[in-house]
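Written out below as structure tokens is the structure these notes cover.
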Amino acid sequence: MKQFRVGVVGATGMVGQRFVSLLENHPWFHLEVVAASSRSAGKTYEEAVGARWAMPGKMPEEAKKMIVMDASQVKEVASKVDFIFCAVDMKKEEIKALEEAYAKAECPVISNNSANRFTPDVPMVIPEINGSHLDVIPAQRKRLQTKSGFIAVKSNCSLQSYVPALHPLMEDFGVTKTLVCTYQAISGAGKTFATWPEMEDNVIPYIGGEEEKSEKEPLKIWGKVENGVIVPVTSPSITAQCLRVACSDGHMAAVFVSFEKKPSIAQIREKWASFSGEPQKLGLPSAPKQFLHYFEEDNRPQTKLDRMLENGMAVSIGRLREDTQYDYKFVCLSHNTLRGAAGGGVLLAELLAAKGYLD
Ligand SMILES: NC(=O)c1ccc[n+]([C@@H]2O[C@H](COP(=O)([O-])OP(=O)(O)OC[C@H]3O[C@@H](n4cnc5c(N)ncnc54)[C@H](OP(=O)(O)O)[C@@H]3O)[C@@H](O)[C@H]2O)c1
């Protein structure tokens, strides 16, 4: 595979730091530019991040002395890289404009932000599930009048456990309705216990915008490309409650589900065990070998024990059993800044590279 020069826009933030960590020693992608707000621009990456470094490992040596660029200097950044990862904390309209400016500067954007998730010709991809949505990119390039620039996005971190768990059951059994309660880590808000001490020993029953994203985004992911746009499905109906809990990393979900044709527990387990997608078939560098892992133990998966399964890129599932109101219930877990954010972004970039969209 060809080597790609990569920029991280929002490199000083929680997700940006993950990107910088994941790009260290990546076989295809080389970190060329770190960019952030004008507050960080001109400083070394080490100075700009300072005490905010929140990754378990040390800051990569190659990143420490890099001078942070101003993300609004689009042409300058775009001229140095083959594509960017984007994870910024800005107003939605500003993010939309920034991402479009990079795409129009012929710099593909792989985004973790929500601003473009419902732009009809922007693919929102979980690579194991809907890689076929990348087929919409030529139509998007036509709209943007670009040759190589485009925007592809990742879905919200809250749904990265239950959408993969439900997906292999859809075709044969027809999921009709789902109720989900999520228990989400504080890194999902870009925070640590040091920067958000109120979260110690606490649960907050509100995460702005999260329930709507958790209910709506899966319908686009399961949608189809038609006439240059992605048309969302209209079912299953999904209802969600999202809670912030006192965990550093890892989003857990308690899921209730009903089907058109109720499968047996053995059939569900078999579907999970045998499920794999394009990243596994293509052998992409960041793909987990087994995407969905089922735990037999009643007290698993646990956030602290299981979030790093397969380098934080796998989904852990457990406690599948019959329910009194829905057909079944189970719990599932994924790492929010790895599979749910930067890791999922890197995997999406690998899929785009393997399919020639980054050439
Ligand atoms: N955390 C997660 O688990 C997670 C998961 C999925 C998606 N996301 C999404 O990813 C994005 C980033 O989240 P985060 O948790 O990493 O946030 P964060 O830790 O608050 O980091 C925000 C980043 O945005 C940069 N930024 C702020 N204003 C800017 C501006 N005007 N121009 C350019 N850069 C600017 C900051 O740079 P400075 O340091 O210079 O201020 C910093 O690098 C958000 O859209 C979030 O919704 C997060």
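Got at least one residue in the range 347-357 being within 16 Å of the ligand (Cβ to nearest atom), in contact with a Ser or Thr (Cβ under 6 Å, 6 or more places away or on another chain) and not assigned by TED's automatic domain parsing to the domain that holds residue 249? Yes, the range 347-357 contains at least one residue that is within 16 Å of the ligand (Cβ to nearest atom), in contact with a Ser or Thr (Cβ under 6 Å, 6 or more places away or on another chain) and not assigned by TED's automatic domain parsing to the domain that holds residue 249. The set of residues in the range 136-168 being over 18 Å from residue 109 (Cβ atoms), within 16 Å of the ligand (Cβ to nearest atom) and of a type outside the set (A, V, I, L, M, F, W, C) consists of 158, 160, 161, 162, 164. Between 261, 304, the distinction of being more than 21 Å from residue 185 (Cα to Cα) and either in a loop (DSSP other than H, G, I, E, B) or over 19 Å from the mean Cα position of the chain (by Cα) (or both) belongs to 261 only.
Among residues of the range 249-300 being small (Gly, Ala, Ser) and touching a helix residue (DSSP H, G or I) at 6+ places or on another chain (Cβ under 6 Å), the one that is surrounded by the fewest Cβ atoms within 10 Å (Cβ to Cβ) is 277. Number of residues in the range 310-359 that are charged (D, E, K, R), under 19 Å from the mean Cα position of the chain (by Cα) and closer than 27 Å to residue 150 by Cβ: the value is 2.
Please work out which residue is farthest from the ligand (Cβ to nearest atom), limiting yourself to the range 186-204 and to residues that are assigned to a loop (DSSP other than H, G, I, E, B) and within 27 Å of residue 153 (Cα to Cα). Looking at the filtered set, the residue picked out is 192. Residue under question is residue 89, and the condition is that it be closer than 20 Å to residue 190 by Cα and either among the acidic types (Asp, Glu) or at pLDDT 95 or above (or both); does it hold? Yes, satisfied.
Among the residues of the range 169-185, is there at least one that is assigned to a loop (DSSP other than H, G, I, E, B), within 13 Å of the ligand (Cβ to nearest atom) and not aromatic (Phe, Trp, Tyr)? Looking for residues that are assigned to a loop (DSSP other than H, G, I, E, B), within 13 Å of the ligand (Cβ to nearest atom) and not aromatic (Phe, Trp, Tyr), one finds at least one in the range 169-185, hence yes.
Looking only at residues in the range 185-222 that are within 20 Å of residue 121 (Cα to Cα) and of a type in the set (A, V, I, L, M, F, W, C), the one that is surrounded by the most Cβ atoms within 10 Å (Cβ to Cβ) is 221. The numbered conditions (1) more than 10 Å from the ligand (Cβ to nearest atom); (2) outside any strand (DSSP E or B); (3) within 20 Å of residue 353 (Cα to Cα) are all true for residue 19 except (1).
The values are calculated or read from the model by the stated rules, or taken from the named source; none is laboratory data. Just so it is clear, the model here is predicted, and its values are computed rather than measured. For neighbour counting, all protein chains shown are included, and Cβ atoms are generated from backbone atoms with ideal geometry for every residue, glycine included.
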